[in-house]
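Remarks on the structure that follows.
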Amino acid sequence: MLVTEFHRAEQKNSKRLMVVLHGLGDSAAGFRWMPSMLGFDDLNYLLVNAPDSYYGGYSWYDFADDSGPGILRSRKMIFDLLDAQRTAGFPTEETTLFGFSQGCLMTVDVGFRYPHLFAGLVGISGYVFEPEKLLTELSPVATRQRMLFTHGTQDPLIPFAEVRKQVQLLKKAGLAIDWHEFVKPHTIAGEEELSVIRDFIRDSIRKKPHE
């Protein structure tokens with residue numbers, strides 16, 4: 001079971017939720033700034049620790065060796081977590097799945113396979129694990145799923161050109177990915193990028209997934 005931190009929305013009865021998946025070596029604590037910085041008073045946040053310890057933080061998979069087994073394990077754990085949120089009264093269609101770096105990879109991996117539509121997917125500075133295989137395992141609702149995917153042209157850890165190529169492949173196959181490029185290293189580009197994320201989330205409120 002994944003360890004999580006729940007941050008309740010100011011609007012106590014709101015069922016809107018953002019599930020946040022951190023990057024390599026980080027933790028839920030690394031995203032405690034998000035509720036105040038995004039500024040949505042009706043959005044609950046579930047900050048999630050990845051399952052494996054990594055130099056004082058956590059990881060979703062072993063990036064240095066064969067990452068496949070860890071990704072498959074984490075995929076199932078996130079599926080279970082999302083199922084639990086549905087049971088707890090947070091509908092998937094009002095849930096945004098957000099991930100940075102390794103968390104971005106897991107957002108793509110889970111988001112287009114999970115059998116229910118999300119309000120939206122947000123992936124920052126990550127890449128796609130086995131994109132060709134993903135396209136053979138899409139959920140029945142995957143082509144109706146909207147995603148914001150951002151990456152930095154100066155990212156020293158995850159090469160920009162390769163990620164852009166992967167996203168172009170997914171878009172060509174019919175996935176609704178809104179791709180944004182920033183002149184940034186492996187990080188979130190401050191208010192410039194946060195405003196794009198806010199706009200995407202706001203648009204997800206106006207456009208219900210079934211529309």
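Taken together, the criteria exclude HIS180 from residues that are more than 24 Å from GLY25 (Cβ to Cβ), in a loop (DSSP other than H, G, I, E, B) and not acidic (Asp, Glu). For the range 44-61, filtered to residues that are polar (S, T, N, Q) and over 28 Å from SER14 (Cα atoms), the residue that is surrounded by the fewest Cβ atoms within 10 Å (Cβ to Cβ) is SER53. Restricted to strands (runs of 3 or more DSSP E) entirely inside the range 13-85, those with at least 3 residues that are in contact (Cβ under 8 Å) with a residue 60 or more places away in the chain are 16-21. Just one of the listed residues (ALA119, ALA173, ALA142, ALA161) is farther than 25 Å from LEU38 by Cα, hydrophobic (A, V, I, L, M, F, W, C) and within 16 Å of the chain's Cα centre (by Cα), namely ALA142. Does at least one position in the range 124-144 carry a residue that is β-branched (Val, Ile, Thr), touching a His at 6+ places or on another chain (Cβ under 8 Å) and part of a loop (DSSP other than H, G, I, E, B)? Scanning the range 124-144, I find at least one residue that is β-branched (Val, Ile, Thr), touching a His at 6+ places or on another chain (Cβ under 8 Å) and part of a loop (DSSP other than H, G, I, E, B), so the answer is yes.
For every residue, the table says whether it meets (1) in contact with a strand residue (DSSP E or B) (Cβ under 6 Å, 6 or more places away or on another chain); (2) modelled with pLDDT of 95 or more; (3) surrounded by fewer than 20 Cβ atoms within 10 Å (Cβ to Cβ); (4) within 16 Å of MET18 (Cβ to Cβ).
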position: PRO69; (1), (2), (3), (4): no, yes, yes, no
position: LEU72; (1), (2), (3), (4): no, yes, yes, no
position: CYS104; (1), (2), (3), (4): yes, yes, no, yes
position: GLY123; (1), (2), (3), (4): yes, yes, no, yes
position: GLY126; (1), (2), (3), (4): no, yes, no, no
position: PHE129; (1), (2), (3), (4): no, yes, yes, no
position: LEU138; (1), (2), (3), (4): no, yes, yes, no
position: THR143; (1), (2), (3), (4): no, yes, yes, no
position: LEU148; (1), (2), (3), (4): yes, yes, no, yes
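Look at (1) at pLDDT 95 or above; (2) surrounded by fewer than 23 Cβ atoms within 10 Å (Cβ to Cβ); (3) closer than 23 Å to ALA28 by Cβ and you find that THR96 fails only one, number (2). When the range 157-183 is limited to residues that are of a type in the set (Asp, Glu) and in contact with a helix residue (DSSP H, G or I) (Cβ under 9 Å, 6 or more places away or on another chain), the one that is nearest to VAL122 (Cα to Cα) turns out to be ASP178.
Yes/no per residue for (1) under 30 Å from ALA9 (Cβ atoms); (2) out of contact with any Gly (no Cβ under 6 Å at 6 or more places or on another chain); (3) not polar (S, T, N, Q):
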{"position": "SER67", "(1), (2), (3)": "no, yes, no"}
{"position": "ARG73", "(1), (2), (3)": "no, yes, yes"}
{"position": "SER101", "(1), (2), (3)": "yes, no, no"}
{"position": "VAL108", "(1), (2), (3)": "yes, no, yes"}
{"position": "PRO115", "(1), (2), (3)": "yes, yes, yes"}
{"position": "VAL128", "(1), (2), (3)": "no, yes, yes"}
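Within the range 1-37, being farther than 14 Å from TYR58 by Cβ, touching a Leu at 6+ places or on another chain (Cβ under 7 Å) and hydrophobic (A, V, I, L, M, F, W, C) holds for PHE6, ALA9, LEU17, MET18, VAL19, MET37.
Comparison of SER195, SER204 shows that the only residue that is at pLDDT below 95, small (Gly, Ala, Ser) and assigned to a helix (DSSP H, G or I) is SER204.
The values are calculated or read from the model by the stated rules, or taken from the named source; none is laboratory data. If you're wondering where the values come from, they're calculated on a predicted model, not measured in any experiment. All Cβ positions, even for glycine, are placed from backbone atoms using ideal geometry, and neighbour counts span all protein chains on display.
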